[in-house]
1. If I ask for residues that are more than 13 Å from Thr74 (Cα to Cα) and either modelled with pLDDT under 95 or not in a strand (DSSP E or B) (or both), which ones from region 1-24 would you list?
2. Would you please name the residue that is surrounded by the fewest Cβ atoms within 10 Å (Cβ to Cβ), looking only at residues in region 13-27 that are among the hydrophobic types (A, V, I, L, M, F, W, C) and in contact (Cβ under 8 Å) with a residue 24 or more places away in the chain?
3. Please verify whether Tyr27 is in contact with a helix residue (DSSP H, G or I) (Cβ under 9 Å, 6 or more places away or on another chain) and either of a type in the set (Phe, Trp, Tyr) or modelled with pLDDT under 95 (or both), treating the condition exactly as stated.
4. Just one of (1) under 23 Å from Arg90 (Cβ atoms); (2) in contact (Cβ under 8 Å) with a residue 24 or more places away in the chain; (3) among the polar types (S, T, N, Q) trips up Thr74, so point out which.
5. If you scan region 25-74, which residues turn out to be more than 21 Å from Trp2 (Cβ to Cβ) and touching a His at 6+ places or on another chain (Cβ under 9 Å)?
6. Across region 72-96, what is the number of residues that are within 15 Å of Val56 (Cα to Cα), surrounded by fewer than 16 Cβ atoms within 10 Å (Cβ to Cβ) and modelled with pLDDT under 95?
7. Looking only at residues that are under 13 Å from the mean Cα position of the chain (by Cα) and assigned to a helix (DSSP H, G or I) in region 30-65, which one is surrounded by the most Cβ atoms within 10 Å (Cβ to Cβ)?
Amino acid sequence: MWFLIHNIGAPNAAERRPQHVEAHWDYLRAAQDRMITAGPYFSADGETRIGSMFIVDFQDLAAAEAWIAAEPFTRHGIYARHTIHVYDHRWPKHAGGSENTD
């Protein structure tokens, strides 16, 4: 099952992010077989980082929750909070995912 994990950065994340970024990348690389897509998102100025999102494949919600809880940016407070939602990929079809058309 695919889950969208939406992470909101902490107010002081930019200052603290560099000391944890290598552990963050190592963690994502270790999960690359589960990773559908991931990346940061920014404010309208295109430069101010707001947070990030992951779309990951896990057996169930408990597994997705455990994975994000152990993520270095979560553990070190770079993410102030996150939400997890079931994700149903519908478009474009060539990218994979659900075959639902409704």
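The values are calculated or read from the model by the stated rules, or taken from the named source; none is laboratory data. These numbers were taken from a predicted model, which means no experiment stands behind them. As a convention, Cβ positions derive from the backbone with ideal geometry for all residues, glycine included, and neighbour counts pool all protein chains shown.
1. Going residue by residue through region 1-24, those that are more than 13 Å from Thr74 (Cα to Cα) are 1-4, 11-12, 14-15, 18-19, 22.
Met1, Pro11, Asn12, Ala14, Glu15, Pro18, Gln19, Glu22 - these are the residues of region 1-24 that are more than 13 Å from Thr74 (Cα to Cα) and either modelled with pLDDT under 95 or not in a strand (DSSP E or B) (or both).
2. Within region 13-27, the subset among the hydrophobic types (A, V, I, L, M, F, W, C) is 13-14, 21, 23, 25.
Those left that are additionally in contact (Cβ under 8 Å) with a residue 24 or more places away in the chain: 13-14, 23.
Working: Ala13: 20, Ala14: 12, Ala23: 14.
The selected residue is Ala14.
3. Numbers: in contact with a helix residue (DSSP H, G or I) (Cβ under 9 Å, 6 or more places away or on another chain): yes; either of a type in the set (Phe, Trp, Tyr) or modelled with pLDDT under 95 (or both): yes.
The answer is yes for Tyr27.
4. Every condition holds for Thr74 apart from (1).
5. Let us first name the residues in region 25-74 that are more than 21 Å from Trp2 (Cβ to Cβ), namely 25-26, 42-50, 72.
Correct list: Pro72 only.
6. From region 72-96, those within 15 Å of Val56 (Cα to Cα) are 82-89, 95-96; that's our starting set.
Okay, now just the ones that are also surrounded by fewer than 16 Cβ atoms within 10 Å (Cβ to Cβ), so 83, 85-86, 88, 95-96.
Imposing the further condition that a residue be modelled with pLDDT under 95 reduces the set to 88, 95-96.
Adding up the residues that qualify gives 3.
7. Ala64
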